1. Hydropathy at least 0.5 by Kyte-Doolittle, axial extent at least 30 angstrom from the Cα trace: which helices of chain A, defined as entire DSSP H runs, fit?
2. Rounded to the nearest 500 deg cm²/dmol, what is the calculated helix-only ellipticity per residue at 222 nm for chain A, with -39500 (n - 2.57) per DSSP H run of length n ≥ 4?
3. Under the rule of at least 5 residues apart or a separate chain, name every residue whose amide H is placed under 5 Å from the amide H of B:Leu142.
4. Set the Förster distance to 51 Å, then compute FRET efficiency between B:Glu184 and B:Ala30 from the Cβ-Cβ distance, nearest 0.05.
5. Given +1 on the Cβ of Lys and Arg, -1 on the Cβ of Asp and Glu, and no further charges, what dipole in debye does chain A carry about its Cα centre, rounded to the nearest 20?
6. Work out from phi, with θ = phi - 60° and the Karplus expression 6.51 cos²θ - 1.76 cosθ + 1.60, the ³J(HN,Hα) of each residue of segment B:192-206, listed in order in whole Hz, and give x for Gly and Pro.
7. Can you give me the angle between helix B:8-52 and the longest principal axis of chain B, using Cα atoms only, in degrees from 0 to 90, rounded to the nearest 10?
8. Given DSSP loops and a limit of at most 11 other Cβ atoms within 10 Å, what is the longest stretch of chain A that contains no such GluC sites (Glu not before Pro)?
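What follows draws every value from the coordinates through simple rules; no lab data is involved. Source: prediction; values computed, not measured. Methodologically, a virtual Cβ is constructed for each residue, glycine included, from the backbone with ideal geometry; neighbour enumeration extends over all protein chains shown.
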Amino acid sequence: MSEVAEKVKAPAEPLFSKKNRKLVTDPLSDNNPITIQVLGICSALAITVQVEQAVVMSAAVFFVLALGNVVISMLRNLIPGRIRIIVQLVVVASLVIMVNQVLMAYLPDVSAKLSVFVGLIITNCIIMGRFEAFAMGNKPWPSFMDAVGNASGYAIILIMVAVVRELLGSGSFFGIPILGSPIPVEGYPNGTGLFDMGYMNNNLMVLPPMALIVVGIIIWIQRSRNKNLIESH
Amino acid sequence: MKINKDNTGYIFLFTFLLIGVVAVILSILATSLAPQITKNNETKKQMDLLASIGVESTRANAKDMYQKYIGSNPSYVINSKGEVVEGKAFDIDIRTQHRDKSITEDAKKYPLFIATVDGQTLYIVPMVGKGLWGPIWGYVSLKDDKRTIYGVSYDHLGETPGLGAEIKQKFFTDRYLAETVADEELNFMPIKIVKDGSGAQPQKVDGITGGTITSKGVEEMVNRTMEIYLNYLKTI
């Protein structure tokens with residue numbers, strides 16, 4: 001009986017079909033989770049002071065979203081509709097705890113860097129948003145592709161904002177003081193590099209409101225240049 | 001078979017199964033990783049202790065370096081009055097003790113480590129305090145005159161990157177070097193964190209711009225702890 005049923009099924013879609021590729025490329029620009037859907041803004045504000053943290057956070061979100069989307073997608077036909085949000089929360093919370101435990105055991109220094117952001121991953125709206133909007137209604141593979149796309153779209157914006165903020169706020173990139181250092185050393189009372197010539201860090205850049213403004217500028221540029229996004233009024 | 005997913009019985013069954021599976025997975029993971037995590041934390045503590053006496057170490061060599069500089073010396077546990085009490089200094093978790101409001105001041109235990117670097121005896125004082133978002137802690141080592149700061153290492157749980165989190169950076173910890181916590185008779189003298197750039201003066205340290213509350217937390221932590229330890233250091 002089951003053999004007959006399988007024969008009737010449509011031929012399997014290729015793994016990297018146009019539709020599946022679109023799942024990955026769409027969230028990178030036209031449907032970016034941060035700039036278009038405006039999800040996950042909270043973590044984008046909190047951890048974009050330094051590039052390194054933005055990268056670590058992006059990697060953690062990537063992992064949790066990819067695994068979570070697949071798990072939710074596999075359970076999608078079993079999850080009772082009335083408690084689906086709770087089930088999604090349980091899945092994301094357990095995954096985050098697992099990730100944290102494994103990091104604590106095998107990569108303790110990365111875990112120390114993540115510290116408080118672990119909690120931020122659980123509350124990241126992108127994760128819940130993708131579970132609810134995509135994984136609940138699609139098969140595991142497209143769900144995985146969707147997670148890859150959204151996590152990458154999130155990472156791109158996060159890293160872009162972090163580069164601007166770290167460069168203008170601390171004069172460095174990835175912790176390397178490329179504009180010089182404001183800390184006085186022997187012979188340079190005002191600091192080294194540009195700081196010796198009177199340059200100063202913009203302290204506002206280090207504070208959360210500037211992240212919002214930087215994200216706003218990115219949205220503005222993106223919307224004014226991308227024809228698909230220009231709304232007619 | 002078609003499952004009725006809106007059936008209350010099914011919802012309960014699903015919930016219990018889900019919770020059961022998650023609980024089993026998480027507890028297996030936690031139990032199996034616990035020894036590794038404890039070992040990492042011990043190594044980290046050894047590295048922090050070494051950092052406070054100016055010895056750089058990695059996770060790989062921390063154990064040997066610790067044995068060389070600190071582990072071969074006696075360590076003590078004292079109480080808030082400065083009397084030596086029973087206990088193993090390395091095993092005392094001052095962060096848990098600080099957080100636990102049910103422990104009275106008299107019952108608190110304060111570990112003191114002694115290190116030897118280039119023939120000089122150093123006293124390492126562990127400390128814990130409060131930053132803006134969570135706990136901050138650190139180790140401050142005193143020279144053999146028991147009042148001049150030899151080295152410092154601070155750390156924090158979740159201070160703002162680029163602001164309060166800078167307390168662990170060398171540029172900030174270096175500002176504490178050669179400051180004194182007491183006069184020549186070992187009477188406690190506070191070290192103040194200042195905002196006006198006068199940190200070069202004795203008993204004053206420049207704070208971190210934009211990290212005032214964390215800096216103040218460091219100030220409070222160092223002064224409160226040093227006052228207690230001086231009770232003991234006076235007696236030896």
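1. On the way: long enough: A:51-75 (36 Å, 1.98); A:84-106 (33 Å, 1.94); A:140-170 (42 Å, 1.02).
Membrane-span-like by this criterion, though nothing is claimed about a membrane: A:51-75, A:84-106, A:140-170.
2. Taken over chain A, the calculation gives -19500 deg cm²/dmol.
3. B:Tyr123, B:Ile124, B:Val125, B:Tyr150
4. 0.45
5. The calculated dipole for chain A is roughly 900 debye.
6. 9, 8, 10, 9, 8, x, 9, x, 6, 6, x, 6, 10, 9, 5
7. It works out to around 20 degrees.
8. With GluC sites (Glu not before Pro) excluded where exposed in loops, chain A gives A:1-185 as its longest stretch.
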